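Have a look at the structure below before the remarks.
Rule-based calculations on the coordinates, nothing more; no lab input. Just so it is clear, the structure is predicted and the values come from calculations on it, not from any experiment. Neighbour counts run over all protein chains shown; Cβ positions are idealised from the backbone, glycine included.
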Number of protein chains: 2
Amino acid sequence: MGRRNQHDSAQFDELVLSKVEAFLCHQPARDLSLRKIATLIDYAPSTLVSVYGNYANLLLRVNARTLKAMNQQLMKAIGSGSGNNPEQGRERLHKLATCYFQFAKAHPHHWQLIFDLRMPGDEPLPHWIQSAIDFSFELLIVCLKQLNPNKSPQELQLASRVLWSGVHGITQLALGDKLFLNQHGDGPAMIRSLLDNYVASWAHTHH
Amino acid sequence: MGRRNQHDSAQFDELVLSKVEAFLCHQPARDLSLRKIATLIDYAPSTLVSVYGNYANLLLRVNARTLKAMNQQLMKAIGSGSGNNPEQGRERLHKLATCYFQFAKAHPHHWQLIFDLRMPGDEPLPHWIQSAIDFSFELLIVCLKQLNPNKSPQELQLASRVLWSGVHGITQLALGDKLFLNQHGDGPAMIRSLLDNYVASWAHTHH
DNA sequence: AAGCAATATGAACACTGTTCAATTTATTAT
DNA sequence: ATAATAAATTGAACAGTGTTCATATTGCTT
């Protein structure tokens with residue numbers, strides 16, 4: 001078959017990504033393949049390659065949309081907060097972590113793909129997705145800064161990464177990741193424990 | 001080729017696992033395959049399948065050895081501590097986390113394989129490896145109990161999982177996992193921050 | 001020496017992502 | 001209108017994957 005011009009570049013992209021996202025609503029990315037996607041959208045496998053370069057790149061585009069959707073929900077969750085306000089900072093931090101957790105629980109396969117995907121040849125991630133990841137860190141830093149404005153940028157960066165690692169680890173653990181899970185439902189309790197204890201000490205420690 | 005009786009069952013197992021482990025010293029598990037292992041040990045691929053059942057099971061055996069080696073180092077790191085002794089508990093907790101981090105850094109490919117491996121069909125892990133994982137949690141609980149013996153088993157379990165998630169997340173972050181890493185070397189600082197702050201609050205909170 | 005069971009394999013199968021020359025079509029130029 | 005060009009799409013081939021299973025070789029037992 002040759003040119004059929006059924007979809008322009010933007011339509012094709014939307015077609016592909018939405019079909020993959022629909023698939024991930026019911027099955028994990030492990031059960032997907034380039035060829036299956038091709039069948040799903042009624043195009044040849046090589047068409048997908050010529051558009052996205054390779055399979056990993058296609059999945060990266062899916063991840064970008066997932067991250068974008070998540071970041072929007074995270075922003076909505078913490079709202080717009082004013083300056084120095086420790087109590088509100090604490091509250092927004094909780095909302096942020098809880099929202100992250102619930103997003104992962106609501107879209108487990110989309111969320112897992114973000115962390116399962118590895119680039120061929122261990123290439124670094126392209127900037128357009130790295131920035132989407134950095135964005136969620138920034139939200140965390142905003143909350144921490146509101147909690148204690150006296151902290152240095154280095155301290156804020158350190159704390160944001162420690163907390164992010166913790167929340168992320170807990171989320172991995174609570175989702176079907178059979179490696180460690182024992183009983184369901186204690187994810188929120190763990191997140192609360194992490195934030196309450198860490199922040200209680202961190203917020204009152206000076207330089 | 002038929003029967004050659006060059007290696008008995010135990011020797012064959014050792015041959016396979018040691019070759020795979022040697023491979024992982026220089027290359028990630030991603031670059032390995034059933035067929036490559038077969039070439040490495042000078043046997044046919046189907047021989048490996050008939051011995052281990054499937055590829056995932058073979059890798060699981062590798063992970064079991066890695067976990068065993070790590071657990072031994074973790075035990076050596078914390079030594080044998082006596083009963084109620086908050087200060088020693090804190091110190092041992094640090095040693096435990098640091099040892100975990102350094103083991104991962106020293107054997108990154110072995111360590112990554114533990115968490116990258118997924119069973120086919122999302123089967124749960126067999127007990128003989130689940131127990132190896134649970135063991136490291138137990139070590140954590142021992143330290144936490146020493147830190148504050150008044151905590152309930154539920155509280156100890158919760159805290160151990162929170163801390164483990166955090167330490168694990170930080171380790172993932174600090175290793176070549178390009179998703180989040182910015183500068184090398186701040187892994188230990190993050191671990192120190194997590195433990196110091198979380199424990200400072202946790203240890204002095206009652207029931 | 002014959003039979004049995006353990007060991008080991010080769011060939012086939014159904015998949016995977018990727019490459020690239022060939023084909024069809026739309027757009028542009030003459 | 002017709003020819004040339006560029007864009008879109010593909011089929012077939014390639015090298016690789018894990019898995020299956022009938023077949024072959026060997027050692028041990030009777």
Could you give the distance between the Cα centres of the stretch B:28-87 and the stretch A:30-101, to the whole Å? 33 Å
State log₁₀ I(q)/I(0) for the protein assembly as shown at q = 0.12 Å⁻¹ as given by the Debye formula over alpha-carbon point scatterers of equal weight, solvent excluded. -1.07
Based on DSSP loop calls and a cut-off of at most 10 other Cβ atoms within 10 Å, the longest stretch of chain A free of exposed trypsin sites (Lys or Arg not before Pro) is what? A:5-207
Using only the alpha-carbon atoms, how far is helix B:9-24 inclined from the longest principal axis of chain B? Give it as 0 to 90 degrees, nearest 10. 70 degrees
For the protein assembly as shown, what does the helix formula give at 222 nm: sum of -39500 (n - 2.57) over DSSP H segments with n ≥ 4, over the residue count, nearest 500 deg cm²/dmol? -23500 deg cm²/dmol
In sequence order, what are the phi-derived ³J(HN,Hα) couplings for the stretch B:191-200 according to the Karplus relation 6.51 cos²θ - 1.76 cosθ + 1.60 with θ = phi - 60°, rounded to whole Hz, with x for glycine and proline? 4, 4, 4, 4, 5, 4, 6, 4, 5, 3
Which pairs in the list A:Lys68/A:Lys145; A:Lys151/B:Lys68; A:Lys19/B:Lys36; A:Lys36/B:Lys19 are over 30 Å apart, alpha-carbon to alpha-carbon? A:Lys151/B:Lys68; A:Lys19/B:Lys36; A:Lys36/B:Lys19
To the nearest 10 degrees, the tilt of helix B:86-106 (Cα long axis) against the first principal axis of the alpha carbons of chain B is 30 degrees
Cβ-Cβ FRET estimate between B:Glu87 and B:Phe115, R0 fixed at 35 Å, reported to 0.05: 0.60
Going from the fewest other Cβ atoms within 10 Å to the most, one would list A:Ile78, B:Ile170 as A:Ile78, B:Ile170
What's the extension gain from A:Gln72 to A:Ala189 if we count 0.36 nm per residue and subtract their Cα-Cα distance? 39.7 nm
Residues in the stretch A:38-73 that a label on A:Leu17 would reach, taking backbone N under 14 Å of a point 7 Å out along Cα→Cβ: A:52, A:57-72
Charge context of A:Ser136, other residues only, Cβ under 12 angstrom, K/R +1, D/E -1: 0
Just subtract the alpha-carbon distance of A:Asp122 and A:Gln102 from 0.36 nm times their residue separation and send over the number in nm, one decimal. 4.2 nm
From the phi of every residue in the stretch A:137-150, what ³J(HN,Hα) in whole Hz does the Karplus formula 6.51 cos²θ - 1.76 cosθ + 1.60 yield, where θ is phi - 60° and glycine or proline is x? 5, 4, 4, 5, 4, 4, 5, 5, 5, 5, 6, 8, x, 7
Label-point separation in nm, A:Phe135 to A:Leu40, each point 7 Å along Cα→Cβ: 2.2 nm
Distant alpha-carbon pairs in the stretch B:86-180 (separation over 22 angstrom), percent: 37 percent
Under 18 Å Cα-Cα from B:Lys105, which aspartates and glutamates qualify once same-chain neighbours fewer than 8 residues away are excluded? A:Asp122, B:Glu21, B:Asp116, B:Asp177, B:Asp186
